[in-house]
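Colleague: What follows is a structure written as structure tokens; I'll ask about it next.
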Amino acid sequence: MDTSTSQTETPARLRVTRRFKASPQRVWRAWTEPELMMRWFVDTDADIRVCEVDLRTGGRYRLEGMAGGNPWRLRGEYLEVTPPTKLVYTWKWDDDPSLGGPGDTIVTVEFREVGKETELTVTQDGFESELARKEHMKGWEGCLDRLGSIVV
């Protein structure tokens, strides 16, 4: 499980940092392998039915599922893939652009080894509304709680 949490945010950006009792390689795998992503990447009241990952710079990902009886679709492109230290990708909701604005937001995930733990920092930039930023922050916090339970 995680040992610390911190948050910093601005109207257009959110940042969450957690520490996990696992190696960067193990946390990286959970973040990038579809069969592991499907276990933590959505809220408990949602599910993932499609998880496609082409993990390379210029590659794309696609996630689809159901939440509260409603379908959702998320997609993006990998802008930087540097195992196991950094991942940068675009993030776009197909069903509800109000969650991020008319364009893509950018997610940067940094994996830093700290002794026998990994400090993970998720930054998401480009929100056009405070509501979208707050909803994503809530989502990331839940996701990272679930991630902590599968990387230990």
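Colleague: Scan the range 16-29 residue by residue and report those that are part of a helix (DSSP H, G or I) and either in contact with a strand residue (DSSP E or B) (Cβ under 7 Å, 6 or more places away or on another chain) or surrounded by 21 or more Cβ atoms within 10 Å (Cβ to Cβ) (or both).
Modeller: Pro24, Val27, Trp28
Colleague: Of (1) surrounded by 14 or more Cβ atoms within 10 Å (Cβ to Cβ); (2) modelled with pLDDT of 95 or more; (3) not small (Gly, Ala, Ser); (4) not in a loop (DSSP other than H, G, I, E, B), Glu9 satisfies all except one. Which?
Modeller: (2)
Colleague: What are the residues in the range 67-79 that are surrounded by 14 or more Cβ atoms within 10 Å (Cβ to Cβ) and either of a type in the set (Phe, Trp, Tyr) or not in a strand (DSSP E or B) (or both), if any?
Modeller: Trp72, Tyr78
Colleague: Considering the range 7-19 alone, what residues qualify as being of a type outside the set (D, E, K, R) and under 15 Å from the mean Cα position of the chain (by Cα)?
Modeller: Taking the range 7-19 first, the residues of a type outside the set (D, E, K, R) are 7-8, 10-12, 14, 16-17.
Those that are of a type outside the set (D, E, K, R) and under 15 Å from the mean Cα position of the chain (by Cα): Gln7, Leu14, Val16, Thr17.
Colleague: Hey, among the residues in the range 99-122 that are among the small types (Gly, Ala, Ser), within 26 Å of Arg75 (Cα to Cα) and surrounded by fewer than 17 Cβ atoms within 10 Å (Cβ to Cβ), which one's modelled with the highest pLDDT? Write out each step before concluding.
Modeller: Quick first cut of the range 99-122, residues among the small types (Gly, Ala, Ser) only: 100-101, 103, 115.
Now narrow it down to the ones that are within 26 Å of Arg75 (Cα to Cα): 100-101, 103.
From what is left, the residues that are surrounded by fewer than 17 Cβ atoms within 10 Å (Cβ to Cβ) are 101, 103.
Numbers: Gly101: 53, Gly103: 66.
Selected residue: Gly103.
Colleague: Still on this structure: Which of the residues spanning the range 47-66 are under 19 Å from Asp145 (Cβ atoms) and surrounded by fewer than 15 Cβ atoms within 10 Å (Cβ to Cβ)?
Modeller: Asp47
Colleague: Would you check which residues across the range 80-98 are more than 24 Å from Val152 (Cα to Cα), modelled with pLDDT of 95 or more and surrounded by fewer than 16 Cβ atoms within 10 Å (Cβ to Cβ) and list them?
Modeller: The answer is Glu80, and nothing else.
Colleague: To continue, here is another question. Scan the range 25-39 and give yes if some residue there is hydroxyl-bearing (Ser, Thr, Tyr), within 16 Å of the chain's Cα centre (by Cα) and at pLDDT below 95, otherwise no. Walk me through it before giving the result.
Modeller: Start the filter on the range 25-39 by keeping residues that are hydroxyl-bearing (Ser, Thr, Tyr), which leaves 32.
This time we only want the ones that are within 16 Å of the chain's Cα centre (by Cα), so: 32.
Going one step further and asking which of them are at pLDDT below 95, we end up with none.
Within the range 25-39 (the criterion being hydroxyl-bearing (Ser, Thr, Tyr), within 16 Å of the chain's Cα centre (by Cα) and at pLDDT below 95), the answer is no, since none of the residues qualifies.
The values are calculated or read from the model by the stated rules, or taken from the named source; none is laboratory data. Keep in mind it's a predicted model, so treat the numbers as computed, not measured. When we count neighbours, we look across all protein chains shown, and the Cβ atoms used for this are built from the backbone with ideal geometry, even at glycine.
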